[in-house]
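Okay, so here's the structure we're looking at.
The values are calculated or read from the model by the stated rules, or taken from the named source; none is laboratory data. None of these values were measured; they are calculated from a predicted model. Backbone-built Cβ (ideal geometry, glycine too); neighbour counts: all protein chains shown. For accessibility, only protein heavy atoms count, side chains too; no ligands or nucleic acids. Shrake-Rupley method; radii C 1.70, N 1.55, O 1.52, S 1.80 Å.
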Amino acid sequence: MPPAVAIMTDEVGWHTRQLQAALRARGGVGRCVDLADCRIDTTAAWHGLVIPGFGRELPDAVLVRGIAGGSFEQVTKRLGVLHALRELGIAVYNDARAIERSVDKSMTSLLLHAAGVPTPPTWATESLAQAQRIAIREGAAGHALVLKPLFGSQGKGLRLVGRVAGVHHPLPDIEGAYGALAYLQRFIPAQEAPGFDWRVLVVGGRAVTAMRRVSRHWIHNVAQGARCEPAALTADLASLAEAAAAALGMDYAGVDLMPSRRGTQVIEVNGAAAWQGLQRVTSFNIARAIVDDLLDRRLAGAPMRTPQARSA
C-alpha cells in the first residue's frame, strides 16, 4: 500500500502542493488536514482519534506544516492530538515536543545555551520592573536589546529597546501584544551594510542548503521586506545549524544565524519553517528532501544523522 501522509496545516497553498507532489513522486499520497478539525472520540475507533480523511484508520505518518493559533485550550488539544499520534506509534515530523520547544522562543534560547550553541544572551521574565532593570543595565554597557513576542513569527512585533544609536529607548508596557512577558535578546548590530542573516535548512540532522536574507532594516525576515540571496553552506554554518536542530530534537528546521564580533550566533530555530524564498535561490528540491527523509528514515526506522556523525 502506498504511504498515506497527513499534512497538518491550517493553510493550503504552495508549500502543501510541493509536499504533495514530492509524495506522489514516491508513490505516496498527502492529505491536508487542519488540526483544528481533528478530535478525540473514544467511541469512534480503538485509538480514540478522528483524523478527517482517514476514516477509522490512522495515517502512516504525519508531516506538520502549520498549527493555527487559538485559545490556550484549543492549542493544547491540537498539540495533544500530535502527542497522541506519537504515542500510538505514528511517525510525526516534527513531533509535538519539538514544535513546543521551537514555538517557545525562551525554551529555544535555553536549550541552545545548555547545548553550548552560540546564541545571544537572553532573558524572559514576567516582571516589568525586572525587565526594565535588565534594559537599563544592558544599555549602560552599550547594548541594545530586542523585545520579541514569545510566540511570534515572520518578524512581527519585534522592537529595539535599551541603548540604540546613543539614545536610551525604554521598555514598553508588556501587556497585550507581549502577553505580560518580556522575552529579551541582546541585539547583534550589522557587521556590514546592508545587514543580513543566514537561513540554513536542516533535514534529518544534516544541513542541506542555505541563503542570505539581506535588508537595510535591522529585521531580516522575508515577510518584512528582506531579499533572498544564494549563500554557500560553509562548514561553520552547517555545524552550528545541525547542533541547533539537534538541541531541540527537530526532524527538520529552519535555523536563523547572524554574524557578530564574537563569531556566528544562532538567533532562532523554526520548527515549521517556510521555504518558498529559499527554494527560489537554490536548485535543491526542498520538499523532496523533506519527504525522502520522512519516508526513508522515520518510516523505515533509520537513525537520524547527528552532528557527531557528520564530522566523523
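Worth a mention:
- Pairwise label distance in nanometres, Ala114 with Ser260, each label 7 Å out on the Cα-Cβ vector: 2.0 nm
- With R₀ set to 41 Å, the beta-carbon distance separating Ala45 from Ser71 gives a calculated FRET efficiency near 0.95.
- Taking every Cα-Cα distance in region 244-290 and sorting them into 10 Å bins starting at zero, the pair-distance distribution P(r) comes out as 23, 45, 29, 3 percent.
- Taking every Cα-Cα distance in region 117-218 and sorting them into 5 Å bins starting at zero, the pair-distance distribution P(r) comes out as 2, 12, 19, 21, 19, 14, 8, 5, 1 percent.
- FRET efficiency, 1/(1 + (r/R0)^6) with R0 30 Å, evaluated for Ser127 and Ala223 via beta carbons: 0.45
- Helix-derived mean residue ellipticity, 222 nm - over the chain, DSSP H n ≥ 4, -39500 (n - 2.57), to 500: -8500 deg cm²/dmol
- Accessible-area value, Tyr183, 1.4 Å probe, nucleic acids and ligands omitted, Å²: 0 Å²
- Based on alpha-carbon atoms, the Kirkwood radius and the radius of gyration of region 41-86 give Rg/Rh equal to 0.97.
- Bins of 5 Å, starting at 0 and running to the largest distance - Cα pair percent for region 45-147: 2, 10, 15, 16, 14, 12, 9, 8, 7, 4, 2, 1, 0
- The calculated FRET efficiency for Met107 paired with Ala180, based on their beta-carbon distance and R0 = 22 Å, is about 0.80.
- Charges were assigned to the Cβ only: +1 to each Lys and Arg, -1 to each Asp and Glu. The resulting dipole of region 239-300 about its Cα centre is roughly 200 debye.
- Translational D in µm²/s for region 193-276 (Stokes-Einstein at 4 °C, 1.567 mPa s, Kirkwood Rh from C-alpha pairs): 102 µm²/s
- Fluctuation leader among Gly27, Gly195, Gly66 - the chain, Gaussian network, Cα springs under 10 angstrom: Gly27
- Heavy-atom surface of region 41-171, accessible at 1.4 Å and reported per residue (Å²): 49 Å²
- Alpha-carbon centroid distance for the pair region 83-117 / region 21-36, whole angstrom: 23 Å
- The dipole here belongs to the chain: it is taken about the Cα centre, uses +1 on the Cβ of Lys and Arg and -1 on the Cβ of Asp and Glu, and is about 680 debye.
- For region 169-312, taking Cα atoms only, Rg and Dmax work out to 16.5, 53 Å respectively.
- Highest-first packing order for the peptide set 164-172, 227-235, 98-106, 32-40 is 98-106, 32-40, 227-235, 164-172, based on the mean count of other beta carbon atoms within 10 Å.
- GNM flexibility winner over the chain from Arg78, Arg65, Arg26 (Cα, springs under 10 Å): Arg26
- For region 1-76, carbon and sulfur atoms together expose 52% of the accessible surface, with a 1.4 angstrom probe and every protein chain in place.
- Scaled against the 2.2 N^0.38 Å expected of a compact globular protein of N residues, the Cα radius of gyration of the chain reads 1.04.
- Approximate spin-label separation Met1-Asn285, in nm, with each point projected 7 Å along Cα-to-Cβ: 2.6 nm
- Solvent-accessible area, 1.4 Å probe, carbon plus sulfur percent, for region 158-270: 50 percent
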